[in-house]
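Here's the structure, in structure tokens; my notes come after.
The values are calculated or read from the model by the stated rules, or taken from the named source; none is laboratory data. Since the structure is predicted, the reported quantities are computational estimates derived from the model, not experimental observations. Cβ placement follows ideal geometry from the backbone for every residue including glycine, while neighbour counts extend to all protein chains displayed.
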Amino acid sequence: MIYISMGAYVIALILTLRRRNRVGLVVFAGGFVVALTSFIYRWIQVAHWPMQNLFEVFLTLGMLSFPVSLFCRYFLKVDNHGADMFIGAILLLPAGFIFNAEPQQLPPALQSPLFAPHVAVYMLGYALMAKATFCAIAQLADISSNTDLLPPEQATYTMVCLGFPFLTLGLILGSWWGKLAWGDYWSWDPKELWSLASWLVYVVYFHFRYMFRSKHPRLNSILAIIGMVFILITLLWANLSRLFPGLHNYA
Amino acid sequence: MRTFENFRIDLEGDRQAYDAPGIDINPAVEILETSPGDKPTRRFVFKNRPGHAGQNSFLAMKYRREVSDWISELKVIEEGRIVAQKAIEVNYPLYYRGYHLYQSSLGYDSQTGKMYTVLSVVNNTGLTSVYVGYVFLSLGVVWRFWFIRLRKNKAREAR
């Protein structure tokens, strides 16, 4: 079912890129229905709120990409369905191919009620920041949107505003958990440092934008994109590379 | 359930498993796998041979040992009296007067042949102020970026 839903997201993305917006949105909604069904199925199957392991977290987030997209479209006036379809498919990817659906024995340090919130909050924050990045790219590429929507520069700001508290909460939850599991709320672990660095990039973005408003729109967008680059380093490089041996190795 | 120190089996005839002399040579356990509506199936799990035989064989099954948790029973004794007591495990430390006692690891000493536990003790008396800072930071960020920002978006919509 995950594969069907992922396929629907990809087809929706292709349709949208070919300017068949309406059909694309319908296929996106279809993918959401499939993802929601597998979410509910999983909930019934494991008999608890399916947020206990990474497979479930990514399934849930992939499922949420459609409602988040609608929320941004109609409430925040930020529209980039194409980006949402892409992010949704990317989020389902680990659930479909990487993580084991079988409930498995976690190492002792991960057996904590803080595990799922810490990861979920971060992934939600990252997904929103990815959306912000697509808005920033649209601003740099000078793609103008409909009149009833926010212009790309303001859309980027709105998305960063929406995502930033999630990054903050993720950092704080992680710190609290680190205190419980490792004995220290800050361990100078590579992943911790990179996530703090990406958090600080967005702080710089806010200060820069507060100082100059929209006087340098391109620099604003570039800062938002740098934030995403730092996030990608945190997410991938800090785990995959052997350059950074650290406490987050299992993640 | 039967356990074996040195598992042997006669593959001819009625396939009887038996324990040959010797300790820890081919340790195995016999288990009965029952599924509803089916006859129980006899299987053997081997310590030294993970995935020993094919899927349909009655010898097939993996023996995998993973640490599920490390637990130590701790007592804090002051002037001969027990003032604090807790079975600590990973993620669940003991707090006593600014000292935090953690279950850190567990090991096996091959010289004495005994298990030992590794604890770590941290003194963190200023921790409360850090947490208060966290709460303020979270509240401030949520207030500034979600509530004020979203209200501004709504105001723009009204205009």
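Residue-level check: of (1) closer than 30 Å to A:CYS72 by Cβ; (2) away from chain A (no Cβ under 11 Å); (3) modelled with pLDDT of 75 or more, B:ARG151 misses just (3).
Taken over segment B:107-124, the criterion of being loosely packed, with under 10 Cβ neighbours inside 10 Å and among the β-branched types (Val, Ile, Thr) is satisfied by B:THR112 alone.
Checking A:ALA136, A:ALA116, A:ALA132, A:ALA155 one by one, the residue that is within 14 Å of chain B (Cβ to nearest Cβ) and touching a Ser or Thr at 6+ places or on another chain (Cβ under 6 Å) is A:ALA132 and no other. Restricting to segment B:92-118, count the residues that are more than 15 Å from B:GLU73 (Cβ to Cβ) and among the hydroxyl-bearing types (Ser, Thr, Tyr). Selection size over segment B:92-118: 7.
Just need a number here: residues in segment A:72-87 that are within 10 Å of chain B (Cβ to nearest Cβ) and crowded, with 24+ Cβ neighbours inside 10 Å. Of the residues in segment A:72-87, 1 are within 10 Å of chain B (Cβ to nearest Cβ) and crowded, with 24+ Cβ neighbours inside 10 Å. A:ALA141 falls short on exactly one of the conditions (1) over 19 Å from B:SER138 (Cα atoms); (2) surrounded by fewer than 20 Cβ atoms within 10 Å (Cβ to Cβ); (3) within 12 Å of chain B (Cβ to nearest Cβ), and that condition is (3). Restricting A:THR156, A:THR147, A:THR168 to residues that are of a type in the set (S, T, N, Q) and at pLDDT below 85 narrows the list to A:THR147. The set of residues in segment A:94-116 that are in contact with a Gly (Cβ under 9 Å, 6 or more places away or on another chain) and at pLDDT 75 or above contains only A:LEU114.
Each residue in segment A:176-199 was checked for being within 14 Å of another protein chain (Cβ to nearest Cβ) and more than 20 Å from the chain's Cα centre (by Cα), and 12 pass. Residue pairs whose Cβ atoms lie under 6 Å apart, sitting 6 or more positions apart in sequence or on different chains, and linking a residue in segment B:89-116 that is more than 9 Å from chain A (Cβ to nearest Cβ) to a partner that is among the basic types (Lys, Arg), are B:LEU94/B:LYS86.
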